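See below for the structure under consideration.
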Amino acid sequence: MKLPLKIAKVLVRLINGESIPNSLSKGKVIDELVSENIIYRKGKHKKYLELINKSGLQNYLENQLQINDLNKYISALENEHSTRSEFVKITTDSKKSKERAFKGFLVNSYDSIKAELNNENITLNPPKGSFVFIHDYESFQVPKEITIVGVENTKNFSQIYEQQYLFKNINPLFISRYPQNQNKDFITWMKSIPNNYLHFGDFDIAGIGIYLNEYKKHLHGKASFFIPENIKSDLKTNGNRERFDSQKINFNLNKLQETKLLDLIKLIQIEKKGLDQEYYIQNANSDPQKASGSRSRYCLRD
């Protein structure tokens with residue numbers, strides 16, 4: 001996904017506090033930012049855009065589009081005489097090509113998993129602190145009893161050993177949501193296999209929106225949302241009010257048929273708090289007994 005000059009200028013105006021007519025700022029990047037709860041479509045008919053998470057936008061530009069300075073990026077696009085070396089200082093996309101260097105996605109596991117890749121048997125057992133990148137995902141197969149767990153946060157993905165207590169009742173293979181330009185490959189692969197999908201994300205409106213807008217709409221009944229057993233007390237005691245205040249619902253509640261997920265949304269609205277999934281890393285580290293399996297998990301699948 002590339003950032004057109006027109007949209008880049010819209011983002012600058014949003015950063016400066018303007019409300020922009022939705023009709024002037026249509027595109028995949030804007031849709032993605034809305035789904036990430038970085039930009040909000042406001043008004044009765046959602047005719048205007050407003051920036052609600054400036055730091056989130058900066059992180060998105062740096063991590064997803066490799067743009068470190070939006071104003072310099074705009075200047076480089078406007079300057080017909082900009083050299084490739086000048087442009088590459090602003091973005092790693094020096095050729096402005098749609099072709100990706102790698103297709104595929106990152107996987108991780110704390111237990112050995114037998115799999116198949118290019119008609120050869122392999123064992124997934126990455127040492128702690130490392131991951132495996134599956135490039136030829138079209139030929140990648142795992143046993144059907146393996147639950148594919150999509151991890152929203154990179155820190156949680158990199159520290160799955162500290163979160164084993166959450167998934168003691170399933171055989172999980174973890175997939176990283178980032179780098180996000182690989183996400184389409186993962187969805188394509190997930191739709192081709194019989195395995196169930198479990199989404200492990202933040203326990204707030206934005207996290208639920210990511211699940212519904214990026215995964216559930218493609219995977220339907222085979223997808224479910226992971227909820228820790230003690231989410232009610234965890235959210236009440238350790239939730240963050242600012243997370244709730246800064247987020248807007250970006251999905252249609254009337255179309256949501258997952259009863260337990262609706263219950264979670266109601267809980268978030270009652271407490272007026274959101275809980276980062278990183279809490280469950282900290283929780284495990286602060287209480288070794290939990291890492292040994294004292295806390296169970298369940299997934300929501302209606």
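Every number in this text was worked out from the coordinates using simple rules, so none of it is lab data. Remember, it's a predicted structure, so these values are computed and weren't measured experimentally. For neighbour counting, all protein chains shown are included, and Cβ atoms are generated from backbone atoms with ideal geometry for every residue, glycine included.
Return the distance in nm (one decimal) between the two label points of a simple spin-label model at Asn121 and Asn68, each offset 7 Å from Cα along Cα→Cβ.
Once both label points are built, they end up 4.8 nm from each other.
Using θ = phi - 60° and the Karplus form 6.51 cos²θ - 1.76 cosθ + 1.60, what ³J(HN,Hα) does each residue of region 108-118 get, whole Hz, x for Gly and Pro?
Those phi angles translate into 8, 7, 9, 10, 5, 10, 6, 9, 10, 9, 6 Hz.
Compute the FRET efficiency between Thr188 and Lys168 as 1/(1 + (r/R0)^6), taking r as their Cβ-Cβ distance and R0 = 30 Å, and round to the nearest 0.05.
Numbers: r = 30 Å, r/R0 = 1.00.
The calculated FRET efficiency here is 0.50.
What shape does region 105-300 have by the C-alpha gyration tensor, where a ≥ b ≥ c are the square roots of the eigenvalues, rounded means a/c under 1.5, and otherwise prolate means a/b greater than b/c and oblate the rest? Could you put the intermediate results ahead of the total?
Numbers: a/c = 1.99, a/b = 1.36, b/c = 1.46.
Here region 105-300 falls in the oblate category.
Of the listed pairs Lys103/Lys191; Lys128/Lys216; Lys72/Lys184; Lys9/Lys255; Lys114/Lys260, which have alpha-carbon separations greater than 25 Å here? Before the final figure, lay out the partial values.
Values: Lys103/Lys191 16 Å; Lys128/Lys216 30 Å; Lys72/Lys184 29 Å; Lys9/Lys255 34 Å; Lys114/Lys260 33 Å.
With Cα atoms farther than 25 Å apart: Lys128/Lys216; Lys72/Lys184; Lys9/Lys255; Lys114/Lys260.
Stretched out fully, how many nm does the piece from Thr154 to Thr259 gain, at 0.36 nm a residue minus the Cα gap? Write down the numbers at each step before the final one.
Numbers: separation 105, 0.36 × 105 = 37.80 nm, distance 2.84 nm.
Answer, rounded to one decimal: 35.0 nm.
Once the Cα gyration tensor of region 5-88 is diagonalised, what are the square roots of 5 times its eigenvalues, in whole Å and ordered largest first, as equivalent ellipsoid semi-axes? Could the numbers behind the result be given before it?
Details: eigenvalues 122, 37, 20 Å².
Semi-axes from the Cα gyration tensor: 25, 14, 10 Å.
Please give the contour-minus-distance gain from Glu18 to Lys47: 0.36 nm per residue of separation, less the Cα-Cα distance, rounded to one decimal in nm.
Numbers: separation 29, 0.36 × 29 = 10.44 nm, distance 1.35 nm.
Computed gain between Glu18 and Lys47 is 9.1 nm.
Which FRET efficiency value, to the nearest 0.05, is calculated for Gln269 and Lys217 with the Förster distance at 22 angstrom and r the Cβ-Cβ distance?
On the way: r = 22 Å, r/R0 = 1.02.
Plugging the Cβ-Cβ distance into 1/(1 + (r/R0)^6) gives 0.45.
Compute the distance from the alpha-carbon center of region 135-172 to that of region 197-230, in whole Å.
Rounded to whole Å, the Cα centres lie 14 Å apart.
Compute the length gained on full extension between Lys232 and Glu78: take 0.36 nm times their separation in residues and subtract their Cα-Cα distance, giving the result in nm to one decimal.
50.3 nm
Semi-axes of the equivalent ellipsoid of region 171-211: what are they in whole Å, largest first, if each equals the square root of 5 times a C-alpha gyration tensor eigenvalue?
Numbers: eigenvalues 69, 37, 18 Å².
Here the semi-axes work out to 19, 14, 10 Å.
When you count, for each residue, the other Cβ atoms within 10 Å and take the mean per peptide, how do 206-212, 154-160 rank with the highest first? Let's see the in-between values first.
Working: 206-212: 23.9, 154-160: 18.7.
So the peptides 206-212, 154-160, ranked by packing, come out 206-212, 154-160.
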